1. When region 18-44 is examined, which residues are found to be surrounded by 11 or more Cβ atoms within 10 Å (Cβ to Cβ), outside any helix (DSSP H, G or I) and modelled with pLDDT of 95 or more?
2. Tell me, yes or no, whether region 69-77 has at least one residue that is within 16 Å of the chain's Cα centre (by Cα), of a type in the set (A, V, I, L, M) and assigned to a strand (DSSP E or B).
3. In region 62-79, how many are exposed (fewer than 12 other Cβ atoms within 10 Å of the Cβ) and either at pLDDT 75 or above or in contact with a helix residue (DSSP H, G or I) (Cβ under 8 Å, 6 or more places away or on another chain) (or both)?
4. Residue under question is ALA59, and the condition is that it be in a strand (DSSP E or B) and at pLDDT 95 or above; does it hold?
5. If you check GLU19, GLU34, GLU10, which single one turns out to be more than 20 Å from the chain's Cα centre (by Cα) and acidic (Asp, Glu)?
6. Looking at (1) surrounded by 12 or more Cβ atoms within 10 Å (Cβ to Cβ); (2) touching a Phe, Trp or Tyr at 6+ places or on another chain (Cβ under 8 Å), which is the only condition ALA9 fails?
Amino acid sequence: MGPEYRPVAEFKLLGHAAEVTGDTLRTATADSIEAVSGWRPPRTWLYLSIAVRAAAYLAWTGEGMTLTRWDGDRGVPRVRAPAPGPGRGT
């Protein structure tokens with residue numbers, strides 16, 4: 001990506017991932033995917049269990065930036081920052 005690239009949104013997660021190694025859970029996961037999509041992932045695929053502790057979504061518009069966060073303790077607070085302009089930074 002060159003210097004002209006500017007994201008309009010970012011999504012970030014904080015948590016832990018662990019490999020799923022038990023055949024029962026791997027088979028149940030593959031069964032569920034197949035039931036919904038008609039496609040079954042191969043047994044050689046890496047299966048992960050992901051525990052999300054917090055998430056953040058940042059979006060930039062002409063009016064500024066909006067940050068929406070979630071965690072188990074605080075819920076979903078939203079913060080807005082005005083767009084930079086004359087007298088407000090660069």
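1. Selection gives ARG40, PRO41.
2. no
3. Result for region 62-79: 9.
4. In short, no.
5. That would be GLU34, the only listed residue that is more than 20 Å from the chain's Cα centre (by Cα) and acidic (Asp, Glu).
6. ALA9 satisfies all of (1) surrounded by 12 or more Cβ atoms within 10 Å (Cβ to Cβ); (2) touching a Phe, Trp or Tyr at 6+ places or on another chain (Cβ under 8 Å) except (1).
The values are calculated or read from the model by the stated rules, or taken from the named source; none is laboratory data. Here the structure is a predicted model, which is why all the values come from computation and not from measurement. All Cβ positions, even for glycine, are placed from backbone atoms using ideal geometry, and neighbour counts span all protein chains on display.
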